[in-house]
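Quick notes on the structure that follows.
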Amino acid sequence: MTSSSTEESHLKPEFAGDPDCPHCGGLGYLRADRPLGDPDFGKIEICTCRQEEVAQNSRRKLYAISRLNELKGLTFENFEPRGQIGLPAKHAQSVEQAFNQAQLFAKELEGWLLLEGGYGSGKTHLAAAIANFAVSLGIPTIFITVPDLLDTLRFSFGGQEASFEERFEEIRQAPLLILDDFGTQNATAWAQEKLFQILNYRYTNQLPLVVTTNLSLDQIEGRIRSRLSDPQLVSRLRVSAPDYRRPTDDTTQNSLSSLGTLRSRTFASFETREDEALPADDVRSLKKALAAATKYAERPQGWLVLTGSHASGKSHLAAAIANAAQDSGALPLYVMVPDLLDHLRATFNPQSPVSYDRLFEEVRRSELLVLDDLGTQSATPWAREKLYQLFNHRYNAQLPTVITTADTLDQVDPRIRSRMLDTRLCTIFALTAPPYTGRKKK
């Protein structure tokens with residue numbers, strides 16, 4: 001038996017096609033009709049009578065490592081284009097923009113789509129809707145969370161169903177790849193390298209990709225970040241809606257924010273205490289601080305520093321600013337400085353669910369940061385350095401920041417004080433009234 005007949009005999013069970021096919025006579029394959037010397041001369045090609053079956057087998061392989069069967073119900077038709085009823089306008093607009101862009105991407109399948117946002121904001125639903133739409137058109141699609149992807153690759157070492165190389169290539173070359181929950185699971189060097197190889201291959205070959213993440217780009221490994229930052233290829237959308245699973249939550253802030261307990265502190269509920277027979281200067285200081293805080297909340301820019309004794313009204317005005325900003329659709333972060341430092345220290349615990357770098361970046365880059373009770377808690381060198389890094393970044397980036405302190409400026413860290421005294425960026429108001437007791441005098 002010749003080598004050619006041996007090869008064809010071996011291939012028959014694998015490539016068996018339609019016995020009545022006029023092209024292959026039932027073999028299921030053909031020899032490439034190329035001239036002698038062509039690199040593909042004599043190469044085996046799948047006959048047209050088997051191409052659909054081969055395509056279906058390919059799709060089955062892809063679906064075997066995908067979560068699409070679990071997500072069949074997540075479609076564009078049952079997605080709320082503007083989020084839940086009562087969502088602030090800014091959040092609703094971000095949801096609508098992401099919805100429209102996801103639909104456009106599903107129809108064109110060109111470039112990359114990066115969906116950023118907190119847990120429960122709708123990112124996964126939109127990504128699954130893209131996948132289900134593509135599958136309905138017969139496009140082989142892999143939808144997989146990044147932790148599951150890495151587990152799939154790890155388990156494929158020595159696997160019987162598919163080798164690591166086969167599994168890796170199936171994922172890397174999938175006609176449409178959707179990576180859900182791209183996050184801190186890529187912390188190990190091996191995981192970072194595998195993810196980079198997948199994304200870099202698709203970047204080089206311009207293959208369509210969807211990525212969802214609750215991280216900012218600054219928290220993603222540098223090489224991957226550079227690919228995800230390419231405006232020529234990537235459409236970036238941030239969904240700012242709160243978690244739909246907790247409809248009573250009207251904020252997407254992280255766990256260290258205490259604004260949820262201060263919703264009653266508004267400008268309307270602030271008292272200038274004119275009926276307490278306070279000295280005129282004290283009443284005037286309260287009125288001036290109220291007017292300044294109200295104006296600042298309308299368009300947060302620069303820094304606003306409120307000084308005064310404990311219970312003089314500083315924290316009330318700071319919370320009122322944050323509440324007003326949130327009601328207008330912004331994402332303020334209100335945190336007491338002692339709590340912030342405690343949270344940062346807690347991240348050094350190996351059991352901490354969040355890394356120090358991630359938490360610090362969330363605070364440092366927040367849209368509007370309200371730091372309440374800056375004071376002697378910054379006495380240790382570590383605390384002073386962390387606060388300086390925080391203030392210095394927001395000073396250089398000119399990010400809106402509200403600060404309250406019961407200390408005099410002479411008691412504040414000189415490096416931070418120098419930033420506060422820059423009148424181009426910062427305005428200081430002193431509340432000279434004594435502590436508020438809640439008792440009104442006749």
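The values are calculated or read from the model by the stated rules, or taken from the named source; none is laboratory data. Because the structure is a prediction, the values reported are computed rather than measured. Neighbour counts run over all protein chains shown; Cβ positions are idealised from the backbone, glycine included. Just so you know, the surface numbers come from the protein's heavy atoms only, side chains and all, with ligands and any DNA or RNA stripped out. Shrake-Rupley method; radii C 1.70, N 1.55, O 1.52, S 1.80 Å.
Among 260-271, 309-320, 395-406, 411-422, what's the highest-first ranking by average C-beta atoms within 10 angstrom per residue?
Working: 260-271: 13.7, 309-320: 22.2, 395-406: 19.2, 411-422: 15.8.
Those peptides, ordered most packed to least, come out 309-320, 395-406, 411-422, 260-271.
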Cα pair count fraction exceeding 28 Å, expressed as % - segment 215-369: 35 percent
In square angstrom, what is the accessible area per residue of segment 70-150 with a 1.4 angstrom probe? 43 Å²
I'd like to check one number: the per residue accessible area of segment 316-388, probe 1.4 Å, reported in Å² as a whole number. 40 Å²
What's the percent breakdown of Cα-Cα distances in segment 260-306 across 5 Å bins, shortest bin first? 4, 19, 23, 23, 19, 9, 3
Determine, for each peptide in 226-239, 358-371, 99-112, the mean count of other beta carbons within 10 angstrom over its residues, then list the peptides with the highest first. 358-371, 99-112, 226-239
Could you please state how large a percent of the accessible area of segment 99-229 is carbon and sulfur, counting protein chains only and using a 1.4 Å probe? 49 percent
For the cross-link pairs K295/K386; K107/K194; K90/K288; K90/K295; K288/K314, which exceed 23 Å when the distance is taken from alpha carbon to alpha carbon? K295/K386; K107/K194; K90/K288
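Return the carbon/sulfur percentage of the accessible area of segment 252-328, one whole number, probe 1.4 Å, all protein chains in place.
Details: 1790 of 3540 Å².
With neighbouring chains kept in place, the figure for segment 252-328 is 51 percent.
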Do me a favour and compute the ellipsoid semi-axes for segment 67-183 from its Cα gyration tensor, root of five times each eigenvalue, largest one first, whole Å. 30, 15, 12
Give the Kirkwood hydrodynamic radius (Å, one decimal) of segment 293-371, defined as one over the mean of 1/r across all pairs of different Cα atoms. 13.9 Å
Orientation-averaged projected area, Cα convex hull of segment 328-442 (nm²): 10.1 nm²
Would you please give the residues with an amide H less than 5 Å from that of A430, counting only those at least 5 places away or on a separate chain, with H modeled from the backbone geometry? T307
